[in-house]
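Here's the structure, in structure tokens; my notes come after.
Since every read-out is calculated from the coordinates, none of them should be taken as a lab result. Nothing here was measured: the structure is a model prediction, and the numbers come from that model. Cβ coordinates were reconstructed from backbone atoms using ideal geometry, including for glycine residues, and neighbour counts include every protein chain displayed.
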């Protein structure tokens with residue numbers, strides 16, 4: 001009766017194959033997580049751009065905060081330096097789940 005066994009070289013090759021597969025899996029997982037963050041940031045930027053357009057179109061220049069989807073959008077308007085007609089318009093998108101800032105939008109606006 002003979003017992004079959006593998007050699008040290010075969011065991012090392014099997015371990016290398018397993019490590020390579022694990023490494024590829026980790027890279028795919030990290031890419032999926034990063035793409036989700038990127039998509040969230042792009043969505044926030046688009047929402048803030050639309051809010052900026054609506055603000056200028058409706059001439060609604062007051063501070064406010066509202067919830068849009070998974071974000072809390074804050075609009076802050078402040079005078080720019082010492083100009084009477086020039087104002088600093090800032091939008092901040094904050095994630096509702098993590099309470100972290102996702103994106104910001106800054107713009108100078110002439111109000112007459």
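Could you give the angle, 0 to 90 degrees to the nearest 10, between helix 8-58's Cα long axis and the longest principal axis of the Cα atoms of the chain?
10
For 35, 95, what ranking results if the residue with the fewest other Cβ atoms within 10 Å of its Cβ goes first?
35, 95
Expressed as a fraction of 2.2 N^0.38 Å, the rule-of-thumb size for a compact globular protein of N residues, what is the C-alpha radius of gyration of segment 64-112?
Normalised Rg, Cα atoms only: 1.33.
log₁₀ I(q)/I(0) of segment 1-92 at q = 0.12, 0.17, 0.22 Å⁻¹, via Debye over equal Cα point scatterers, no solvent, to two decimals?
-0.61, -0.86, -1.08
Kirkwood-based Rg over Rh for segment 34-86 (C-alpha set), two decimals?
Over the Cα atoms of segment 34-86, Rg/Rh equals 1.07.
For the chain, what relative contact order do you get, as a whole percent, if you take Cα pairs closer than 8 Å and at least 6 residues apart?
Here the relative contact order equals 18 percent.
From a point 7 Å beyond the Cα of residue 66 in the direction of its Cβ, which residues of segment 18-58 have a backbone N at a distance under 19 Å?
Answer for this model: 43-58.
Could you work out how far the C-alpha centroid of segment 26-47 sits from that of segment 60-76, in angstrom?
Computed from Cα coordinates, the inter-centre distance equals 22 Å.
In what sequence do 51, 10 fall when counting other Cβ within 10 Å, fewest first?
Listing 51, 10 from fewest to most nearby Cβ atoms yields 10, 51.
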